[in-house]
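One structure is given here, and the rest of the page talks about it.
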Amino acid sequence: MGLQPLEFSDCYLDSPWFRERIRAHEAELERTNKFIKELIKDGKNLIAATKSLSAAQRKFAHSLRDFKFEFIGDAETDDERCIDASLREFSNFLKNLEEQREIMALSVTETLIKPLEKFRKEQLGAVKEEKKKFDKETEKNYSLIDKHLNLSAKKKDSHLQEADIQVEQNRQHFYELSLEYVCKLQEIQERKKFEFVEPMLSFFQGMFTFYHQGHELAKDFNHYKMELQINIQNTRNRFEGTRSEVEELMNKIRQNPKDHKRASQFTAEGYLYVQEKRPPPFGSSWVKHYCMYRKAAKKFNIIPFEHRSGGKLGDGEVFFLKECIRRHTDSIDRRFCFDVEAADRPGVSLTMQAFSEEERKQWLEALGGKEALFPSFNRAIIPRPEGSAQLDKMGFTILRKCISAVETRDVKTCNEVDLENSIDWEVKTITSALKQYLRSLPEPLMTYELHGDFIVPAKSGSPESRVNAIHFLVHKLPEKNKEMLDILVKHLTNVSNHSKQNLMTVANLGVVFGPTLMRPQEETVAAIMDLKFQNIVVEILIENHEKIFRTLPDATLPEPVALSASPPNAPPRQSKRQGQRTKRPVAVYNLCLELEDGDRPNLPKEDTPPSSLDSFSSPSPMAAAAHGPPGPDRNHLLADGGTFGDWASTAPGQARSSTVQWLNPQSPATPSCNPAATPPSPKLSSFPLSLPATVADKPPESLISRKARAVYPCEAEHSSELSFEIGAIFEDVQTSREPGWLEGTLNGKRGLIPQNYVKLL
């Protein structure tokens with residue numbers, strides 16, 4: 001049973017039971033007061049902890065923003081640029097999240113702490129003051145009654161009457177005070193229910209608003225996350241291929257280091273100990289120097305360097321060689337020594353010591369000494385031994401038959417394969433043979449001469465300029481090379497069109513065929529670091545096969561930048577994001593009111609992929625639309641028990657799979673979503689990071705709406721985009737915050753439209 005009500009009539013009786021009921025009410029209020037006091041303390045600790053967490057998160061975000069990945073070589077791939085920028089994106093995400101957390105912390109103070117403190121001070125504090133008055137008046141009233149009753153009856157009547165009046169007045173005052181106190185006790189018991197709970201409701205509303213803002217930020221981040229997952233997977237795949245090439249080169253050099261010395265501008269270079277003479281009685285010392293000699297100019301550079309002192313580099317010296325003389329051991333108490341005399345320093349002779357007798361003989365030969373017995377240090381690039389494969393009629397026959405076998409072979413299980421019958425050879429055997437043929441050519445299909453020129457556009461430039469540059473270079477290839485490359489790339493395009501079934505995306509095919517079609521003439525680590533750009537060149541060939549091989553380069557465009565030039569950096573080729581994400585408006589914490597239905601933002605739902613793995617292996621709906629809708633008239637690539645297709649069977653880091661079959665390889669291709677005649681699709685250069693902006697978010701000039709007509713078909717890649725056919729009419733077309741995109745309404749649905757797919761009316 002709860003507290004018993006306090007009846008006003010009991011104030012006049014002031015019975016013992018009435019007093020018990022009053023004490024019960026007072027005890028409950030005291031318990032409430034202690035609870036609220038403790039809750040306020042916990043709330044302040046919560047705010048302090050939230051601020052500490054926010055400070056730690058901001059420090060973490062600051063650390064992320066300040067770090068930058070360094071790369072090996074002279075350029076990064078688009079995927080590496082996106083990965084490099086990801087730390088800043090993470091930092092911005094945390095910063096935006098902490099802004100919302102700070103707002104939540106402020107709201108805790110305003111909506112919870114202050115109202116509870118006010119209730120405790122003004123309401124519970126007022127009851128305490130009333131209790132003091134009530135207790136004081138009780139003491140006074142009953143003391144006066146005791147004193148009055150002790151008056152002698154022999155007192156004068158006037159004195160007794162005056163005392164009676166005084167006692168009665170005091171009793172009336174006590175009754176009035178008792179009535180007010182009882183009223184206040186019951187009022188505060190009822191008031192605390194809403195005065196206390198309402199701030200708690202506001203507190204939880206503020207907390208849920210914070211979590212909702214975090215959810216909205218995560219939705220904004222979702223597009224970037226999916227793109228970054230693809231960037232990471234592409235980079236990992238390229239890393240696996242690069243690592244295997246580096247290990248192979250390392251093993252070659254380990255077995256025969258002399259045959260893999262890099263070509264140098266110096267006739268001879270390496271470490272020598274140089275004798276430094278000192279005045280008596282200090283004798284002399286030997287200091288290690290890195291020495292470089294150019295025979296044509298007879299110029300000798302020596303730089304002191306000590307590995308044991310942390311790689312300290314000293315001040316170098318330069319002199320011109322006059323002559324070099326071998327020192328015999330009977331003239332100096334050290335082996336492998338020789339003297340060099342400077343032409344520009346008369347009378348100056350330096351004694352140097354090599355690491356071995358063989359190295360001394362090589363230095364003597366390079367410096368024109370008396371014992372020139374060994375070949376020069378300045379060796380030329382060792383030519384690769386020519387393979388037995390040739391780019392002739394037989395080679396074209398091999399290529400066509402292998403491709404035909406891959407595209408037309410029936411799928412068989414392991415139990416059904418007849419190893420005695422060559423027809424039943426597994427497709428991976430055929431694909432391995434084809435790649436082995438291409439690798440065995442005297443030079444790669446895309447030639448040593450043009451290797452560097454192909455790499456340059458892959459390192460920089462806009463997506464359109466890259467395609468144009470590679471288009472131009474392909475037509476500089478020898479005719480046979482270009483013809484064979486055309487046949488092969490056409491087949492790879494067919495394979496990539498069915499990546500949903502075989503998981504061989506354009507990026508995966510680039511990893512497999514980059515090292516096969518392109519190789520540097522000299523094997524170095526620096527050249528291997530460019531493998532990832534070879535992969536990008538192959539990706540461009542596959543994605544733009546029709547344009548590159550079926551049309552001539554545009555004669556009005558400038559020739560590609562030479563290899564020695566330093567092309568400017570450009571936005572990532574496949575990054576679908578340009579510019580910064582629009583910052584989310586700061587949340588308004590209207591904690592006591594709910595939005596009416598008409599005030600709620602009408603945001604379209606976003607589709608979430610079933611798993612992050614899908615973003616690695618399956619093309620987007622837009623990419624699928626680029627090759628026509630699936631159906632009975634389309635080619636189907638069947639894979640039995642594999643993941644990355646048979647073309648990856650010998651690629652480092654790739655999974656192996658079994659037989660691949662083309663059911664109808666001669667089926668004509670359907671219209672493309674990215675026709676060759678159109679500028680590059682904005683889907684290759686920009687990506688909608690958020691839902692279509694509201695009118696309030698746009699600048700005034702974007703409010704001018706017009707109609708537009710579709711000049712190319714397009715299939716939506718995300719729920720925020722519109723799908724349409726040629727001739728579709730869009731209403732209320734406006735500019736969007738996303739570069740390269742418009743907003744419009746089609747059939748009652750509003751969404752994003754690629755700007756170069758429509759014509760304004």
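The values are calculated or read from the model by the stated rules, or taken from the named source; none is laboratory data. These figures come from a predicted structure and were not determined experimentally. Don't worry about glycine lacking a Cβ; one is built from the backbone with ideal geometry, like all the others, and counts go over all protein chains shown. Ligands, DNA and RNA are stripped out before the accessible areas are found, and what is left, the full protein with its side chains, is counted by its heavy atoms. Shrake-Rupley method; radii C 1.70, N 1.55, O 1.52, S 1.80 Å.
Just report the Cα centroid separation between segment 487-550 and segment 133-181, whole Å. Taking the Cα centre of segment 133-181 as reference, the centre of segment 487-550 is 108 Å away.
Database remark: amide H of Glu323 closer than 5 angstrom to the amide H of Glu341 (H placed geometrically; neighbours at sequence offset of 5 or more, or on other chains; Pro and chain starts carry no H). Here's the picture: charge each Lys and Arg Cβ at +1 and each Asp and Glu Cβ at -1 in segment 127-257, and of Tyr211, Tyr142, Ile165 the one pushed furthest to the positive end of that dipole is Tyr211. Placing unit charges on each Cβ (+1 for Lys and Arg, -1 for Asp and Glu) gives segment 443-547 a dipole about its Cα centre, and among His545, Pro444, Gln501 the Cα reaching farthest toward its positive end belongs to Gln501. Tyr211 sits with roughly 140 Å² accessible to a 1.4 Å probe, with DNA, RNA and ligands left out of the calculation.
Here the Kirkwood formula puts the hydrodynamic radius of segment 1-113 at 19.5 Å, using every distinct Cα pair. Think of each Lys and Arg Cβ as +1 and each Asp and Glu Cβ as -1; about the Cα centre, that makes the dipole of segment 46-92 roughly 660 debye.
Distant-in-sequence amide contacts of Leu742, defined by a placed amide H-H separation under 5 Å and a gap of 5 or more residues or a different chain, comprise Ile753, Gln755. Subtracting the Cα-Cα distance of Tyr290 and Phe60 from 0.36 nm times their residue separation leaves 78.4 nm of extension gain. If only the Cβ of Lys and Arg carry +1 and only the Cβ of Asp and Glu carry -1, the dipole of segment 1-65 around its Cα centre is close to 1000 debye.
Summing Cβ point charges (Lys, Arg +1; Asp, Glu -1) relative to the Cα centre of segment 49-186 gives a dipole of roughly 1180 debye. Calculated on the alpha-carbon coordinates, the convex hull of segment 702-747 measures out at 79 cubic angstrom per residue. Computed packing ranks the peptides 225-232, 397-404 as 225-232, 397-404, most packed first, by mean other Cβ atoms within 10 Å. Taking label positions 7 Å along the Cα-Cβ direction at both Thr551 and Lys68, the computed distance is 3.8 nm, reported to one decimal.
With a Förster radius of 30 Å applied to the C-beta separation of Leu46 and Lys121, the computed FRET efficiency comes to 0.90. For the residue pairs Lys68/Lys532; Lys44/Lys219; Lys34/Lys132, the alpha carbons lie more than 25 Å apart in Lys44/Lys219.
Amide H to amide H distances under 5 Å link Lys707 with Val733, Leu761, where only residues 5 or more positions off or on other chains count and H is placed in the peptide plane.
With Cα atoms defining each centre, segment 21-77 and segment 430-460 are spaced 58 Å apart in the structure.
When the Cα positions of Ile22, Leu39, Phe71 are compared along the charge dipole of segment 1-104, Ile22 comes out farthest toward the positive end, with charges on each C-beta of Lys, Arg, Asp and Glu. Using θ = phi - 60° in the Karplus curve 6.51 cos²θ - 1.76 cosθ + 1.60, the 3J(HN,Hα) couplings for segment 529-545 round to 5, 8, 4, 5, 6, 4, 4, 5, 4, 5, 4, 5, 4, 5, 5, 10, 4 Hz; x is entered for Gly and Pro. Average accessible surface for segment 701-761: 47 Å² per residue, computed with a 1.4 Å probe over protein heavy atoms with every protein chain in place.
Please give me, ordered by residue number, the chymotrypsin sites (Phe, Trp or Tyr not before Pro) of segment 472-555 that lie in loop per DSSP and have at most 16 other Cβ atoms within 10 Å. Sites meeting the loop and neighbour criteria: none at all. Contact order for segment 1-131, expressed relative to its length and based on alpha carbon pairs under 8 Å spaced 6+ residues apart, stands at 33 percent. Multiplying the residue separation of Glu139 and Met200 by 0.36 nm and removing their Cα-Cα distance gives an extension gain of 18.0 nm.
Couplings for segment 48-64, taken from phi via the Karplus curve 6.51 cos²θ - 1.76 cosθ + 1.60 with θ = phi - 60°, read 4, 5, 4, 5, 5, 4, 4, 5, 5, 5, 5, 5, 4, 5, 5, 5, 4 Hz in order; Gly and Pro are left as x. Across segment 299-305, coupling constants 3J(HN,Hα) worked out from phi with the 6.51/-1.76/1.60 Karplus curve, θ = phi - 60°, read 9, 10, 10, 10, 10, x, 8 Hz, and Gly and Pro carry x.
Taking a straight line from the alpha carbon of Lys154, these aspartates and glutamates sit under 19 Å away, with near neighbours fewer than eight places off in the same chain left out: Asp146, Glu162, Asp164. Averaged over its residues, segment 1-136 has an accessible area of 60 Å² per residue, based on protein heavy atoms and a 1.4 Å probe.
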